[in-house]
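Let me begin by presenting the structure, written as structure tokens, before commenting on it.
Coordinate-derived values only; no laboratory data. Remember, it's a predicted structure, so these values are computed and weren't measured experimentally. Glycine also receives a Cβ, built like all others from the backbone with ideal geometry; neighbour counts cover every protein chain displayed.
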Ligand code: MN
């Protein structure tokens, strides 16, 4: 997807969000993930997975859950620059996504199978992965909704494991 959509939606003279550019996160080996609480016109969580220099991103209205029974709608949105993983602050009124952004959880992630071609898995509509965050841990899956009227709709679901919670 690249960062063109991200840049087109924003006027960087008016928002403190990072300009898409070269990542400034140093000494990094593992892939990072972040969940940002975004108090925009509708409060939602933004779930982001690093892949190939960008953050693949989904807006999750109810937020991720550690309960495997919760199938959380996750709407895929434009890729964000890697630096966005560290962004917290206020996007001023009148700008795209105006409102407060706070980091809700962060850590590292990897596909369940190391050999997974993530781009291909996403294009096929299913990605199984492991999160190592403070709140979110263990196996999850993102499954694309087919034949749904939700545009770019996916489900984010916790897989049952020793960290999952039944309520
Ligand atoms: Mn958002």
For region 152-167, does any single residue satisfy the condition of being crowded, with 17+ Cβ neighbours inside 10 Å and at positive phi? no
Is it true that residue 112 is in contact with a strand residue (DSSP E or B) (Cβ under 9 Å, 6 or more places away or on another chain) and without any contact (Cβ under 8 Å) to a residue 40 or more places away in the chain? yes
Go through 140, 129 for me and flag whichever is in contact with a helix residue (DSSP H, G or I) (Cβ under 9 Å, 6 or more places away or on another chain) and either crowded, with 17+ Cβ neighbours inside 10 Å or assigned to a helix (DSSP H, G or I) (or both). 129
Using the structure shown, decide if residue 122 is assigned to a strand (DSSP E or B) and either touching a strand residue (DSSP E or B) at 6+ places or on another chain (Cβ under 9 Å) or surrounded by fewer than 14 Cβ atoms within 10 Å (Cβ to Cβ) (or both). no
Pairs with Cβ under 7 Å, 6+ apart, first in region 45-61 and away from the ligand (no atom under 16 Å from the Cβ), second not in a strand (DSSP E or B): 50/82; 51/118; 53/23; 53/82
